Amino acid sequence: MSQSGIQHARVRRALSLALLSASSWVMPQCIAAPATAAALTNVPQLSPNALKVADYAVAKYDVAMVQSLTQLVSFNTQAVEGKTPDTNPAFVGFKSSLKQLSQDLGLDYADHGYVVLIGLDANSAVNNESKKLGIVTHGDVQPANPALWAQSPYLLDTQSEPGKLIGRGTEDDKGAIVTAMYAMKAIKDKHIKRARRIELLVYLAEESDWEPLKTFLASYTPADMNITIDAEYPVVTAEKGWSKITFTVPNITISNIEAKAEASTQAPTLTAFSGGYFASQVPQQAEAEIEAVSPALLTKLQTRAAAQQGMKYRFENHCVDKLCNLHIFADGKAAHSSTPEDGVNAVTHLAALLSPELNDKPWPQTSASLTVAAMNELVGLGIYAEQFGDLAYKDDFMGPLTLAPTVVVQTQKGTEVNINLRRPVGKTPELLAKQAREALVLWQDKYQVQLVDIESYWGEPMVMKDAPQQQTLLDVFAHFTGIVDPKPVAIGGSTNSKLFPNALSFGPAMPGVEYTGHTEKEFITHKQFMLNLKMYTAAFIELSAVK
């Protein structure tokens, strides 16, 4: 999930001046604070009920919400191969907690295996049972590397950085689940008359497998108006298509003649190169191993490493007779792969560190050295596929195609490479597959090597037009932020909105603020948590109440 509006990083940074900072509420001097924003010309007034209940929700349920988030974060709900939400103990516990919380809040609960439905029925005489306001989210999470967190990712951390609620799922998407449930509770408390049932759909494999959700929707009638709370504000009306290119660089067998020549000169040889943790995260860590490293080469490496911005390196070596076996550890900055501009990709930066001009001659051909060559020549340090043949393009609204190598792993077959892309409208899957294949063919011809298991997948971008709730959601956002006349945005992420009728994403992340879902040290600020509660409460009332 998440990234931003119309033209990617520059627009996001500009918007941040008027929105939330990473840790606190920021309101520019030229814009009234949220409490008085409604008095501004062009900032819409909401119904008195929506405003009163939104304020009530925060005053009443602040502490309880944090407690509930603590409970949900404690379950490591990442996908485990061979297990389902009914056989994985973490998911069983998570669903049990959701059921108990639903009962405590007076909401109905139904367990459908991969899908949990939590609802607040309409209470109007004009109720049509088929009319629902659907709220779509997910309860599964991406993996987390505990070594990169101040404490366990599954213990809500409120102390190490005051003002932040740190833990896996706080922003993506357990925080949003809690917020929606307490918004429904506040509406129930105040007996707001509604013509629509409010129904929260929590899917439990959004990060790994959409097929069970498609199967569920084949026999379930979704709401005719849906809000996905798995992206960002103000309102998302377009999403890029999740895409990938994968291939394996084969292991290279050096002939006896070449081996003797290399041994006689003791040429440095790149023997290992890997990095990344999972497919939708810009990798924070990568590593490489080099044999027969001279003091001069080590100095070059260290000098070049010190010049890379945003990267940290650690060098470990074991030396015999002035030559060393060197192990390099690279540390960058993780980010959601849909917003590669927010991260510092350790894989691509380590490859740049090891580029051939480092030596007087190219590295001897190994799977590792060829992988480094592929990273440098097909990707480089760019994020828009500038070097990958003719792949690069952009759409005026959705922005450019983005590209990020996310996982590089050595196997018995060779070095497997996974590149995650997010594509806008403008090119067909057939053309993109052709262009990717042509770029890889040219690269293989240059190195006289045959890549293995080349595959590409090109997900469909989504553009939602004329959804009936769009203006209401923009009005709610404008009222509570003081941002005058906000416009819909496009994001690079891919949410379950694609599977539901009239589905628009509405939060939980603010535009212009770095999204932390899928990163190491994911968090949501407490102030954002409460602001989301206000906006969700008001939006649910405006869209479901009897007019």
Open item on the list: Tell me the label only: which of (1) 1.00; (2) 1.02; (3) 1.04 is Rg/Rh (Cα atoms, Kirkwood Rh) as calculated from this structure?
Closed with: (2)
Open item on the list: Could you tell me how far the Cα centroid of the range 40-90 sits from the Cα centroid of the range 359-386, in Å?
Closed with: 44 Å
Task: Residue (of ILE419, LEU391, LEU381) at the positive-pole extreme of the range 377-432, dipole from beta-carbon charges - done: ILE419
Open item on the list: For a quick check: with amide H placed at 1.01 Å from N, whose amide H comes under 5 Å from TYR515's, ignoring anything fewer than 5 positions away on the same chain?
Closed with: none
TODO: Quick one: go through the range 214-240 and flag any residue whose amide nitrogen is under 17 Å from the point 7 Å out along the Cα-to-Cβ line of GLN471.
DONE: 235
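Figure the gain on full extension for TYR457 and GLN444 (residue separation times 0.36 nm, minus the Cα-Cα span) and round it to one decimal in nm.
Details: separation 13, 0.36 × 13 = 4.68 nm, distance 2.02 nm.
Full-extension gain reported as 2.7 nm.
Return the calculated 222 nm mean residue ellipticity for the chain, to the nearest 500 deg cm²/dmol, obtained by summing -39500 (n - 2.57) across DSSP H runs with n ≥ 4 and dividing by the residue count.
Working: 12 runs with 163 residues, N = 547.
Value at 222 nm, helices only, nearest 500: -9500 deg cm²/dmol.
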Open item on the list: I need the phi-derived Karplus couplings for the range 375-380: 6.51 cos²θ - 1.76 cosθ + 1.60, θ = phi - 60°, integer Hz, Gly and Pro marked x.
Closed with: 4, 5, 8, 9, 10, x
TODO: Round to a whole angstrom and tell me the spacing of the C-alpha centers of the range 436-469 and the range 188-222.
DONE: 32 Å
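Work out how much length ALA267 to ARG304 would gain on full extension: take 0.36 nm times their residue separation and subtract the Cα-Cα distance, in nm to one decimal.
Here the answer is 11.3 nm.
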- [ ] Would you tally the net charge around ARG314, using a Cβ to Cβ cut-off of less than 12 Å, leaving ARG314 out, and scoring K and R as +1, D and E as -1?
- [x] -2
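What FRET efficiency comes out for ASP108 versus LEU431 if R0 is 45 angstrom and r is the Cβ-Cβ distance? Round to the nearest 0.05.
Step by step, r from the Cβ atoms, then E = 0.40.
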Open item on the list: Filter LYS333/LYS487; LYS164/LYS333; LYS60/LYS95; LYS427/LYS465 down to the pairs with a C-alpha to C-alpha distance above 22 Å, please.
Closed with: LYS333/LYS487; LYS60/LYS95
Task: For LEU323, residues with placed amide H under 5 Å, excluding near neighbours - done: none
TODO: Tell me which residues come under 5 Å, amide H to amide H, from ALA335 once H is placed; ignore anything under 5 positions away on its chain.
DONE: VAL282
Task: Integer Hz, Karplus 6.51/-1.76/1.60 couplings in order for the range 331-342, x for Gly and Pro - done: 10, x, 9, 6, 7, 4, 5, 7, 10, x, 5, 7
Task: Cβ-derived FRET efficiency at R0 22 Å, GLU316 paired with ALA147, nearest 0.05 - done: 0.85
- [ ] Using a 1.4 Å probe and counting only protein heavy atoms, arrange MET464, MET225 so the residue with the most accessible area comes first.
- [x] MET464, MET225
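Carbon and sulfur together cover what percent of the accessible area of the range 46-95 at a 1.4 Å probe radius?
57 percent
The values are calculated or read from the model by the stated rules, or taken from the named source; none is laboratory data. If you're wondering where the values come from, they're calculated on a predicted model, not measured in any experiment. All Cβ positions, even for glycine, are placed from backbone atoms using ideal geometry, and neighbour counts span all protein chains on display. Protein only, heavy atoms only, side chains kept; ligands, DNA and RNA dropped before computing areas. Shrake-Rupley method; radii C 1.70, N 1.55, O 1.52, S 1.80 Å.
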